[in-house]
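A short worksheet on the structure shown next.
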Amino acid sequence: MDWQGRRQSDNVEDRQSQGGGAGGTPFGRGGGFSLPIGRRGGGLSIGTIIFLVVIYLIFKAMGIDLMQVMDGGSLDGAGYEQSDKQNGGGAVSSSNDQMTAFVKTVLAETEDTWQGIFQSQGRTYEDPKLVLFRGQTRSACGAASAATGPFYCPEDKKVYLDTAFFEELSNRFGASGDFAQAYVVAHEVGHHVQDELGILPKFNEARQRMSEVEANKMSIRVELQADCFAGIWGKYTQQKGILDGGDLEEALNAAQQIGDDTLQKRTQGYVVPDSFNHGTSAQRVKWFKQGFDSGQLSSCDTFSGPV
């Protein structure tokens, strides 16, 4: 993706140097719309937890801090390893600067795309804010942390993105490449587009009257539409000549790797369709590609007919 040297958005709130600050329950108020990262289920038993605590205390009494050993160095309030900071922190800082510039550029491209589309329909598009953080932070929808994955909070109209997620996307999910990363941002911005169009408020109201299974089915349609909107954005970037060869394949691979069925197979070895709330890999690939191929809002009606 040929992103360097292009306009960067001013709508990025950089909290990467702030430590802690999280509290409450994720998505506790209006509910957030997140990218699934496969951390559902599979919790530890009470007996296992007690055993681990005892082991930790034994090593602590011996002067060995297991948390520090596992982390490879203690973290300070800014979220950087102290060993790196003592050596100047150049590599960490440089990497973060590059990533921040990339996110600002991608966000700027989404702003240009959706402002143009809304204007062509006689509408006004209000740009979302994007919060970059490291470790944990607060949102109007509750606590935001690395465990929640990237998400959009309709309560404050902000996208939240932990700066370490892109590395996890590549290393844990096998979805590498800058356009795979751009797809993540574009998907969450797609939820903001839904908010602007009045789709999210209607969904949030309706799901209060639904069973969990019914709400999951409707949530799938919401998520797949955000994928389709991300595809529309991809189409506009292609028309600008920003995409390189293989970029589309990177985004499609990312959509494949974060499908509910693929994630459940990876984390628990089997799938539970009634628990799906983002869509299968095939569905996510289908709807991203549909938006990409058409470039039209009308092609993203995931609420009519089968998905």
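Can you pull out the residues in the range 135-147 that are surrounded by fewer than 20 Cβ atoms within 10 Å (Cβ to Cβ) and within 15 Å of the chain's Cα centre (by Cα)? Write out each step before concluding.
Going residue by residue through the range 135-147, those that are surrounded by fewer than 20 Cβ atoms within 10 Å (Cβ to Cβ) are 138, 140, 143, 145-147.
If the condition is that a residue be surrounded by fewer than 20 Cβ atoms within 10 Å (Cβ to Cβ) and within 15 Å of the chain's Cα centre (by Cα), then 143, 145, 146, 147 are the ones that fit.
Do we have residue 190 as assigned by TED's automatic domain parsing to the domain that holds residue 263 and touching a residue at least 60 places away in the same chain (Cβ under 8 Å) here? In short, no. Selection of the range 249-273 for residues being β-branched (Val, Ile, Thr), assigned to a helix (DSSP H, G or I) and under 26 Å from residue 1 (Cβ atoms) yields only 262. Within the range 274-307, the set of residues being within 22 Å of the chain's Cα centre (by Cα), modelled with pLDDT under 95 and assigned to a helix (DSSP H, G or I) comprises 275 only. The residues of the range 113-134 that are assigned to a helix (DSSP H, G or I) and surrounded by 19 or more Cβ atoms within 10 Å (Cβ to Cβ), listed by number, are 113, 114, 117.
Where residues in the range 191-248 are small (Gly, Ala, Ser) and in a helix (DSSP H, G or I), which of them is farthest from residue 121 (Cα to Cα)? In this case the residue turns out to be 215.
Considering (1) at pLDDT 95 or above; (2) under 13 Å from the mean Cα position of the chain (by Cα), the lone condition that residue 166 does not fulfil carries the number (1).
The values are calculated or read from the model by the stated rules, or taken from the named source; none is laboratory data. These numbers were taken from a predicted model, which means no experiment stands behind them. Quick reminder, even Gly has a Cβ in these numbers, built from the backbone with ideal geometry, and neighbours come from all protein chains shown.
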